[in-house]
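Asker: Here's a structure for you.
The values are calculated or read from the model by the stated rules, or taken from the named source; none is laboratory data. Computed from a predicted model, the values in this text were never measured in an experiment. With ideal geometry, Cβ positions are generated from the backbone for all residues, glycine too; neighbour counts draw on all protein chains shown.
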Amino acid sequence: MTLAGCNALVTGGASGLGEACVRALVAAQAAVTIADLNEVKGEALAHELGALIQFCRTDVCDEADVLAALDEAERVDIVIHCAGIATAERALGKEGPLDLQRFDKVMKVNVSGTFNVVRLAAAMMAKNEPGPDGERGVIVLTSSVAAFDGQIGQAAYSASKGAVAAMTLPLAREFARFGIRVLSIAPGLFHTPLLAGLPEEAMKQLAATVPFPARLGDPAEYASLALHMIQNRMLNGEVVRLDGALRMAPR
C-alpha cells in the first residue's frame, strides 16, 4: 500500500508508540485521525502537525466513540492500534488474591478494546475500492514480548497481549476475502511514557537486559516497522517481535 494519500486511524496516538506512528505517517503524506483519551496531548499534536491531522477523543472500549472516530476519518485505509494499559500485579500478593475487577479492566482495554476497533474498522475498510492485489486495508495491532515470556506480576498483562497475538492469524484469514491484512508487533522494552517515570538507574538496568542494541527501543523504530508492514503486501497474519533479542527473565 502506498502511504501518500491514505487515511489512517491511530489509537493511542497522542503519545508513545502511537505518537511515533502518527509522525511517521504524516511524514509519508498520509492523513491521520488520532484516537486517544488524552485530549490535551492529542489536540496539541494535531495542531503541531497541521492540516493532515485531526484528533478525536476515543475510548477504544466504547462502540460509539470508535464509530465517531471512524466517521471523522471519513475513509480508513490503515489502522495502527497502540491504545492499551499495562499493569504489574501479582495474582497472589501480600494482601491476598488480586482483585478480579483489576484483572478484568486490563482484559477489557487490551482485548475487548482491540477487538472493538478491529471489527468496526474492518467493516468500514471492506467498503473501500480495492487496490493492487485487491487490497482494501491494513490493520496493525500491538502485542508484547510479555505475551511469550511474561514476568512474575504480569499475568493479566501477558494474558491480554497473548490474546492480541492469538487473534492476529484468525482475523487475517477471515478478512482475506475482503482484501484486508492484519498484523501484530510485539515490542520489547521501549522508551515510552510508561517507562519514562522510572528513576534513571532503573532505566539503565532495564536497558542492560537487552542483548543488542543494549538500550531501550525508540518509538520511531516501532513506527518504522509498522509502516513497512503496511507497505509490504506479503506480510499478513504475522506477529513480529521487536525487542533486540530480549527474552525476559522470570522477574
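Asker: For the stretch 168-191, what are the residues that are assigned to a loop (DSSP other than H, G, I, E, B) and more than 27 Å from Gly93 (Cα to Cα)?
Answerer: Gly179, His191
Asker: Within the set of pairs 6 or more residues apart or between chains, which connect a residue that is of a type in the set (Lys, Arg) inside the stretch 62-83 to a residue that is not in a helix (DSSP H, G or I) with Cβ atoms less than 6 Å apart?
Answerer: Arg75/Asn7
Asker: A follow-up question, please. Can you tell me which residue in the stretch 175-203 is farthest from Asn236 (Cα to Cα), limited to those that are free of Cβ contacts under 8 Å to residues at least 24 places away in the same chain and surrounded by 13 or more Cβ atoms within 10 Å (Cβ to Cβ)?
Answerer: Looking at the filtered set, the residue picked out is Met203.
Asker: Continuing with this model, one more query. What's the total number of residues in the stretch 60-87 that are under 19 Å from Cys21 (Cα atoms), buried (at least 16 other Cβ atoms within 10 Å of the Cβ) and within 14 Å of the chain's Cα centre (by Cα)?
Answerer: Count: 8.
Asker: Continuing with the same structure: Return yes or no: is Phe212 modelled with pLDDT of 95 or more, out of contact with any Ser or Thr (no Cβ under 9 Å at 6 or more places or on another chain), of a type in the set (Phe, Trp, Tyr) and not in a loop (DSSP other than H, G, I, E, B)?
Answerer: Considered against the rule, which asks whether it is modelled with pLDDT of 95 or more, out of contact with any Ser or Thr (no Cβ under 9 Å at 6 or more places or on another chain), of a type in the set (Phe, Trp, Tyr) and not in a loop (DSSP other than H, G, I, E, B), Phe212 comes out as no.
Asker: Hey, Glu221 hits all of (1) surrounded by 14 or more Cβ atoms within 10 Å (Cβ to Cβ); (2) over 17 Å from the mean Cα position of the chain (by Cα); (3) not hydrophobic (A, V, I, L, M, F, W, C) but one; which does it fall short on?
Answerer: The number of the failed condition is (2).
Asker: Could you identify the single residue in Ala86, Ala121, Ala165 that is in a loop (DSSP other than H, G, I, E, B) and closer than 24 Å to Asp59 by Cβ?
Answerer: From the options Ala86, Ala121, Ala165, the qualifying one is Ala86.
Asker: Check Gln29 against each of (1) farther than 26 Å from Gly179 by Cβ; (2) of a type in the set (S, T, N, Q); (3) without any contact (Cβ under 8 Å) to a residue 40 or more places away in the chain and name the one condition it does not meet.
Answerer: (1)
Asker: Hey, does the stretch 89-108 have a residue that's under 30 Å from Pro250 (Cβ atoms), among the charged types (D, E, K, R) and touching a Cys at 6+ places or on another chain (Cβ under 7 Å)?
Answerer: Scanning the stretch 89-108 turns up at least one residue that is under 30 Å from Pro250 (Cβ atoms), among the charged types (D, E, K, R) and touching a Cys at 6+ places or on another chain (Cβ under 7 Å).
Asker: Enumerate the pairs (first residue in the stretch 237-251 and more than 15 Å from Ala207 (Cβ to Cβ); second residue anywhere and outside any loop (DSSP other than H, G, I, E, B) and of a type in the set (S, T, N, Q)) with beta-carbon separation below 7 Å, excluding pairs fewer than 6 apart on the same chain, so at least 6 apart or on different chains.
Answerer: If the second residue must be outside any loop (DSSP other than H, G, I, E, B) and of a type in the set (S, T, N, Q), the pairs left are Gly237/Thr168; Val239/Thr168; Val239/Ser184.
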